[in-house]
Amino acid sequence: MTDTIDITPCLNLKLRQANRVLTSYYDSHLRDLGLTVEQFSVLRSLWYMKKTSQKSLQEVLIVQQTTLTRNLRPLIREGYVQTEPSPEDGRVTLVSLTADGKKVFQQARKKWEKAQQSVAANLGEQMTEQLLKVASAITDLR
């Protein structure tokens with residue numbers, strides 16, 4: 001008599017594996033600018049948000065404060081992002097792109113677009129649309 005074990009795939013594991021592959025792929029496109037895709041996401045968010053609180057940026061990126069700090073630190077060091085206390089509430093830190101940050105974002109955006117187009121081409125239009133819908137549905141769980 002043999003026991004059969006039904007091994008159900010772990011959704012979390014499969015998504016984390018896929019995320020690691022995608023992250024590595026995007027990172028390889030951004031590497032010559034000295035950026036990671038996580039840092040690019042910060043720059044991209046600040047490009048659209050302009051000047052915002054760290055708390056708001058954290059919420060948009062859906063990251064913990066420590067993760068945001070870890071991604072902001074090199075961007076501040078390189079002069080791409082600046083911080084300042086809010087004039088309304090000195091306890092609130094505002095973040096925004098510097099002129100150099102805007103320039104590096106424009107350069108990085110071109111490389112990101114190439115990575116994005118390549119991934120979409122490999123997945124195909126239908127699967128790309130499904131991936132975006134699934135990702136949105138998962139983030140809506142929070």
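Some points to look at:
- Residues of the stretch 8-47 satisfying the condition of being among the β-branched types (Val, Ile, Thr) and surrounded by 15 or more Cβ atoms within 10 Å (Cβ to Cβ): 36, 37, 42
- Between 50, 114, the distinction of being modelled with pLDDT under 95, open to solvent by 90 Å² or more (accessible area, probe 1.4 Å) and either out of contact with any Cys (no Cβ under 9 Å at 6 or more places or on another chain) or hydroxyl-bearing (Ser, Thr, Tyr) (or both) belongs to 50 only.
- Residue 4 over 17 Å from the mean Cα position of the chain (by Cα) and surrounded by 11 or more Cβ atoms within 10 Å (Cβ to Cβ): no
- Condition met for residue 84 (farther than 28 Å from residue 140 by Cα, out of contact with any Ser or Thr (no Cβ under 9 Å at 6 or more places or on another chain) and open to solvent by 50 Å² or more (accessible area, probe 1.4 Å)): no
- Residue pairs whose Cβ atoms lie under 8 Å apart, sitting 6 or more positions apart in sequence or on different chains, and linking a residue in the stretch 49-70 that is at positive phi to a partner that is open to solvent by 40 Å² or more (accessible area, probe 1.4 Å) and of a type outside the set (Gly, Ala, Ser), are 62/139; 62/142.
- All of 42, 63 fail the test of being of a type outside the set (Gly, Ala, Ser), within 16 Å of the chain's Cα centre (by Cα) and not in a helix (DSSP H, G or I), apart from 63.
- Residues of the stretch 87-111 classified as touching a residue at least 24 places away in the same chain (Cβ under 8 Å) and either surrounded by fewer than 17 Cβ atoms within 10 Å (Cβ to Cβ) or more than 18 Å from residue 25 (Cβ to Cβ) (or both), total: 12
- Any hit, the stretch 66-89, residues being part of a helix (DSSP H, G or I) and over 29 Å from residue 18 (Cβ atoms): yes
- If you go through the stretch 110-142 and pick out every residue that is over 19 Å from residue 19 (Cβ atoms) and of a type in the set (A, V, I, L, M, F, W, C), you end up with 1.
The values are calculated or read from the model by the stated rules, or taken from the named source; none is laboratory data. Values in this document were obtained by computation on a predicted structure and should not be read as measured data. Cβ sites come from the backbone with ideal geometry, for glycine too, and all protein chains shown count toward neighbours. The protein model used for the area step is the full one, side chains on, heavy atoms only, and it has no ligands, DNA or RNA in it. Shrake-Rupley method; radii C 1.70, N 1.55, O 1.52, S 1.80 Å.
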